[in-house]
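S.K.: Dropping a structure here in structure tokens format, bear with me for questions.
The values are calculated or read from the model by the stated rules, or taken from the named source; none is laboratory data. All values derive from a computational prediction rather than experimental measurement. Don't worry about glycine lacking a Cβ; one is built from the backbone with ideal geometry, like all the others, and counts go over all protein chains shown. In case anyone asks, the SASA skips ligands and DNA or RNA and just uses the protein heavy atoms, side chains included. Shrake-Rupley method; radii C 1.70, N 1.55, O 1.52, S 1.80 Å.
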Amino acid sequence: KLIDSLMVIYQKRIEFWPKYKTNTLNYYASDLYNYLQDKPEELYKGLTEVIDQLGSKTDMKTFPLYMNVTCNLYKEGKIESEEVFAVYEKTMKYLAEVPTEGNEIKKKLVDKTTGDIDAVFGASGVADTDNLIAIYSPKFEADPTNLELAKSIASKLAKVEGGLDTDLFINTMKLWYENEPSSSSAYMLYKLNVSREDIDAAIMYLEGAIAAEDSDADTDAGYYFELAVIASKNGNNAKAME
């Protein structure tokens, strides 16, 4: 009864003092998590309503909690994998919209929150190759020139076992590299060609990653080391020494 009363008070506060809505909703989300963990479906519904209203104004600590609740419901068989992906994409979208320019502290907080969400999402088991293919192949086929979608799909597939060997990864990476020939996209194509044992192409793309203007000296050093190792393993000792 006390918990129910508390939740009603939050709703009334929003109704009567709308100018404090953002803060009230963030406190409300915190207490939802504090008091409704024994009712995960109700908690999930409440957190969804809060985050959908606040978007990028959601308190940072709420996003990983929301992801955790979502993944737990998936593990219990109460929601489908598509819903977990939708929550993941939504939270990442809102985090990307948080203004951080000129605020290094907030930027670090956003980066940490993003990392926490990735960790929860990765540990859930939902982000395997089969699920990624089933969910994202139709989306990419329906919108094959959508660069942001392609980048998102390629990045996800690069993190899961077997993801690099899929046609979906190849197609999204081709679109990415054609539109943005950057160090990161060249490096992904390097990994792709290594997995397919096309060493000449792999070396070409890794050299492209090194030559790209957006990579720094530390990153290039790592790339050079990889280049030396792969050249040596494939009998090209002169290239490895170089």
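S.K.: Could you work out what % of the accessible surface of region 24-106 is carbon and sulfur, using a 1.4 angstrom probe and leaving DNA, RNA and ligands out of the count?
M.R.: Whole-percent figure for carbon plus sulfur exposure: 47.
S.K.: Before anything else, pin down the relative contact order of region 138-189: Cα pairs under 8 Å, at least 6 apart, normalised by residue count, whole percent.
M.R.: 31
S.K.: Let me ask something else. Quick one: net charge around A127, please, counting Lys, Arg +1 and Asp, Glu -1 for every other residue with C-beta under 12 Å from its C-beta. Walk me through the numbers on the way to the answer.
M.R.: Values: positive: K156, K159; negative: E89, D118, D128, D130, E161.
Neighbourhood net charge equals -3.
S.K.: At R0 = 30 Å, how high is the FRET efficiency between D52 and D130 if r is their beta carbon distance? Nearest 0.05 is fine.
M.R.: Details: r = 29 Å, r/R0 = 0.96.
Given R0 = 30 Å and the Cβ-Cβ separation, E is 0.55.
S.K.: From largest accessible area down, sort I3, I170, I9; use a 1.4 Å probe on the protein chains.
M.R.: So the residues, ranked largest to smallest area, are I9, I3, I170.
S.K.: While we're looking at this one, here's another question. When ligands, DNA and RNA are left out and all protein chains stay put, how many square angstrom of accessible area per residue does the chain have with a 1.4 Å probe?
M.R.: Heavy-atom accessible area per residue stands at 57 Å².
S.K.: For helix 62-75, report the angle its Cα long axis makes with the longest principal axis of the Cα atoms of the chain; keep it between 0 and 90° and round to the nearest 10°.
M.R.: Between helix and principal axis, roughly 80 degrees.
S.K.: How far apart, in nm, are the 7 Å Cα→Cβ label points at S30 and A228?
M.R.: With each label point 7 Å from Cα toward Cβ, the separation is 5.1 nm.
S.K.: I've got another one for you. I want to check the label-to-label distance for E76 and D143. Put each point 7 Å from Cα in the C-beta direction and report it in nm to one decimal.
M.R.: Placing both labels 7 Å along Cα→Cβ, they lie 3.2 nm apart.
S.K.: Counting only other residues whose beta carbon sits under 15 Å from that of G162, what net charge do I get with K and R as +1, D and E as -1?
M.R.: The answer is -1.
S.K.: Go ahead and estimate [θ] at 222 nm for the chain from helices alone: -39,500 (n - 2.57) per DSSP H run with n ≥ 4, summed, over the residue count, rounded to 500.
M.R.: -24000 deg cm²/dmol
S.K.: May I pose another question? Tell me, how many Å apart are the Cα centres for region 117-183 and for region 75-97?
M.R.: Comparing the Cα centres of region 117-183 and region 75-97, I get a distance of 15 Å.
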